[in-house]
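S.K.: Got a structure for you, written out below as structure tokens; questions coming shortly.
The values are calculated or read from the model by the stated rules, or taken from the named source; none is laboratory data. Since the structure is predicted, the reported quantities are computational estimates derived from the model, not experimental observations. Because the Cβ atoms are built from the backbone with ideal geometry, glycine has one as well, and the counts that use them run over all protein chains shown.
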Amino acid sequence: MRWLHSAIGFAFTLAWTAGWITLALLVRVFSGPQARLPLRMAARCWAPGLLAGAGASLQVEGQARIDWSKPHLFVANHQSVIDICALFRAIPVPLRFLLKEEMKKMPFVGWYAAATGMLFIVRDDRRAGPLLRRQAAAMLARGQSLCLFPEGTRSRSGEVAPFKAGALQSAIDAGVEIVPVALHGAGQVLPAGGFRVRPGTIRLGFGTPLPVRVDGRPVPRQALAEQAQAQVLAMLRDWA
């Protein structure tokens, strides 16, 4: 019967996503260039519905550590596509993501991402990096928060890969704090590869924000990457 549950979940996911994105795109036409309302629709409507449809409960910790009046670069470990739902739901401000270029080709999801100002990266293209970092820095400097997965891809084993330092340069350039985010349980609810939903609990924790300047000098991005990963690993160990 598990296959039937997954098939129903997949059909629900497609229908729910198509419906809410269609509505969000219509709202986007009238909401102005910042697209705040369509982004908040993802957090308040689309993401909770998909989490509930998957039978996932979300536990959030550490929100009080964050000054939500300021923009941040959120860096999270990556276990599952449902990570995005958890992050949308847990972060109480309009949030944009850095997505792989292939997402642009996906009906509805790609349209929504482009319309709301998400950023896209062409993997394995060294020339794309500098432009992307400038775009991300400009977004953060405008007061918009951004989330990315510095491992570069989803973990199939649950192990956290080293955080790529280049992805954090945009925060240094914009002068905004980096917030480590730990995700646990998402890979069990919706494992990488295929669509096999398993009800469960997803835990999401916010670490201590990392300043990108100390004594007026920029912190090396490799050091920031290592500090962010260390905080994520520490939270995951506490939950094990």
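S.K.: So for the stretch 171-181 (the condition being more than 29 Å from Leu37 (Cβ to Cβ) and modelled with pLDDT of 95 or more), does at least one residue qualify?
M.R.: Taking every residue of the stretch 171-181 in turn, at least one turns out to be more than 29 Å from Leu37 (Cβ to Cβ) and modelled with pLDDT of 95 or more.
S.K.: Let me ask you something else. Quick check on the stretch 191-200. Is at least one of its residues in contact (Cβ under 8 Å) with a residue 60 or more places away in the chain, more than 17 Å from the chain's Cα centre (by Cα) and assigned to a helix (DSSP H, G or I)?
M.R.: No; the residues of the stretch 191-200 include none that is in contact (Cβ under 8 Å) with a residue 60 or more places away in the chain, more than 17 Å from the chain's Cα centre (by Cα) and assigned to a helix (DSSP H, G or I).
S.K.: I've got another one for you. Take Ser170 and decide whether it is of a type in the set (S, T, N, Q), assigned to a loop (DSSP other than H, G, I, E, B) and either surrounded by fewer than 16 Cβ atoms within 10 Å (Cβ to Cβ) or touching a helix residue (DSSP H, G or I) at 6+ places or on another chain (Cβ under 6 Å) (or both).
M.R.: no
S.K.: When residues of the stretch 215-237 are filtered for being modelled with pLDDT of 95 or more and over 20 Å from Arg133 (Cβ atoms), how many remain?
M.R.: 8
S.K.: Anything in the stretch 220-230 that is surrounded by 18 or more Cβ atoms within 10 Å (Cβ to Cβ) and either among the aliphatic types (A, V, I, L, M) or out of contact with any Leu (no Cβ under 8 Å at 6 or more places or on another chain) (or both)? List them, or say none.
M.R.: Scanning the stretch 220-230 gives Leu224, Ala225, Ala228, Gln229.
S.K.: Would you say Arg96 is at pLDDT 95 or above, over 24 Å from Leu224 (Cα atoms) and not in a loop (DSSP other than H, G, I, E, B)? I'd like the intermediate steps shown before the answer.
M.R.: Numbers: at pLDDT 95 or above: yes; over 24 Å from Leu224 (Cα atoms): no; not in a loop (DSSP other than H, G, I, E, B): yes.
Answer is no for this residue.
S.K.: Let me ask something additional. If you check every pair at least six apart or on different chains, which have Cβ atoms under 7 Å apart with a residue in the stretch 211-234 that is free of Cβ contacts under 8 Å to residues at least 40 places away in the same chain first and a residue that is of a type in the set (D, E, K, R) second?
M.R.: Pro211/Glu177
S.K.: Exactly one of these conditions fails for Arg237: (1) surrounded by fewer than 19 Cβ atoms within 10 Å (Cβ to Cβ); (2) of a type outside the set (A, V, I, L, M, F, W, C); (3) touching a helix residue (DSSP H, G or I) at 6+ places or on another chain (Cβ under 6 Å); (4) farther than 18 Å from Ala171 by Cα. Give me its number.
M.R.: The single condition Arg237 does not satisfy is (3).
S.K.: Regarding Ser157, is this residue under 17 Å from Ala192 (Cβ atoms), part of a loop (DSSP other than H, G, I, E, B), among the small types (Gly, Ala, Ser) and in contact with a helix residue (DSSP H, G or I) (Cβ under 7 Å, 6 or more places away or on another chain)? Walk me through it before giving the result.
M.R.: Working: under 17 Å from Ala192 (Cβ atoms): yes; part of a loop (DSSP other than H, G, I, E, B): yes; among the small types (Gly, Ala, Ser): yes; in contact with a helix residue (DSSP H, G or I) (Cβ under 7 Å, 6 or more places away or on another chain): no.
No, not satisfied.
The rows are residues; the columns are (1) more than 23 Å from Val189 (Cβ to Cβ); (2) at pLDDT below 95; (3) touching a helix residue (DSSP H, G or I) at 6+ places or on another chain (Cβ under 9 Å).
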site: Ala35; (1), (2), (3): yes, yes, yes
site: Ser57; (1), (2), (3): no, no, yes
site: Val60; (1), (2), (3): no, no, yes
site: Arg89; (1), (2), (3): no, no, yes
site: Ile121; (1), (2), (3): yes, yes, yes
site: Leu131; (1), (2), (3): yes, yes, no
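S.K.: Still on this structure, please answer the following. I'd like to know if the stretch 158-165 contains one or more residues that are of a type in the set (Lys, Arg) and either free of Cβ contacts under 8 Å to residues at least 24 places away in the same chain or buried (at least 21 other Cβ atoms within 10 Å of the Cβ) (or both).
M.R.: No, because not a single residue in the stretch 158-165 is of a type in the set (Lys, Arg) and either free of Cβ contacts under 8 Å to residues at least 24 places away in the same chain or buried (at least 21 other Cβ atoms within 10 Å of the Cβ) (or both).
S.K.: Within the stretch 213-229, is even one residue acidic (Asp, Glu), within 17 Å of the chain's Cα centre (by Cα), in a loop (DSSP other than H, G, I, E, B) and within 26 Å of Lys70 (Cβ to Cβ)?
M.R.: Looking through the stretch 213-229, none of the residues is acidic (Asp, Glu), within 17 Å of the chain's Cα centre (by Cα), in a loop (DSSP other than H, G, I, E, B) and within 26 Å of Lys70 (Cβ to Cβ).
S.K.: Further, regarding this structure: Taking the stretch 73-82 as the search range and keeping residues that are under 20 Å from Phe163 (Cβ atoms) and touching a helix residue (DSSP H, G or I) at 6+ places or on another chain (Cβ under 8 Å), which one is surrounded by the most Cβ atoms within 10 Å (Cβ to Cβ)?
M.R.: The residue in question is Leu73.
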